[in-house]
Amino acid sequence: RMSRHAQQLRDHDRNPCIAETDASRKCMDDNNYKKDMCTDYFLKYKNCRKFWHDIMMQRKRNGVKPEMPSAEERRKILESI
């Protein structure tokens with residue numbers, strides 16, 4: 001059974017970067033935990049976190065709730081770019 005924190009990390013409405021997290025973890029598994037083999041995956045994860053964090057901070061400043069857009073809302077945001 002997963003801890004509540006672990007469940008939140010797997011919740012698509014709370015964590016916009018699950019795919020990037022999973023890809024990084026798979027790369028590490030596939031490459032015997034040689035970090036230098038997975039630099040691109042780490043960068044994609046970092047960029048994902050920064051992108052959604054910036055959106056979350058903007059929404060917070062504007063008083064928009066929830067601060068993190070839902071998975072459906074995020075899909076629409078990404079399609080509009």
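Before we move on, is D11 modelled with pLDDT of 95 or more and either at negative phi or in contact with a Lys or Arg (Cβ under 8 Å, 6 or more places away or on another chain) (or both)? When the stated conditions are applied, D11 does not pass them.
What are the residue pairs meeting all of these: first residue in the stretch 7-31, first residue within 14 Å of M68 (Cβ to Cβ), second residue open to solvent by 80 Å² or more (accessible area, probe 1.4 Å) and hydroxyl-bearing (S, T, Y), Cβ atoms under 9 Å, and 6 or more apart or on different chains? That search, which allows pairs on different chains as well, returns C17/Y45.
The values are calculated or read from the model by the stated rules, or taken from the named source; none is laboratory data. Predicted model, so just to flag it, every value in this text is computed and none were measured. No Cβ is skipped: glycine too gets one built from the backbone with ideal geometry, and neighbour counts run over all protein chains shown. For the accessible areas, the whole protein counts, side chains as well, though only heavy atoms, and no ligand, DNA or RNA atoms are used. Shrake-Rupley method; radii C 1.70, N 1.55, O 1.52, S 1.80 Å.
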